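J.: Quick one: structure below, then a few questions.
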């Protein structure tokens, strides 16, 4: 499971060897997120809304949370969107 959009995590997933097959659940706040654009023949991408995380945790083996930035007090910024 990947929480929201993280360029670091999604780039890491692109480097998984082609002989390893897995499913990636991407937690998004809106289904208009562009995380689903990651396409690899060895992985299935399923975007789920925030509210559905609890129902999917039974089948999840690993949760990846990336950080676009880490602030001085240790907090993380997951996605920066410029309008």
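J.: If I model a spin label at residue 50 and residue 68 as a point 7 Å from the Cα along the Cα→Cβ vector, what separation in nanometres do I get?
T.: 1.5
J.: Also: Once both labels are modelled 7 Å past Cα along the beta-carbon direction, what's the residue 61-residue 18 spacing in nm?
T.: My value for the distance between the label points is 2.1 nm.
Quick note: the coordinates plus some simple rules give every number you see, no bench work behind them. Just so we're clear, the structure is a prediction, and the values are computed from it rather than from any experiment. Glycine gets a Cβ as well: all are built from the backbone with ideal geometry, and neighbour counts include every protein chain shown.
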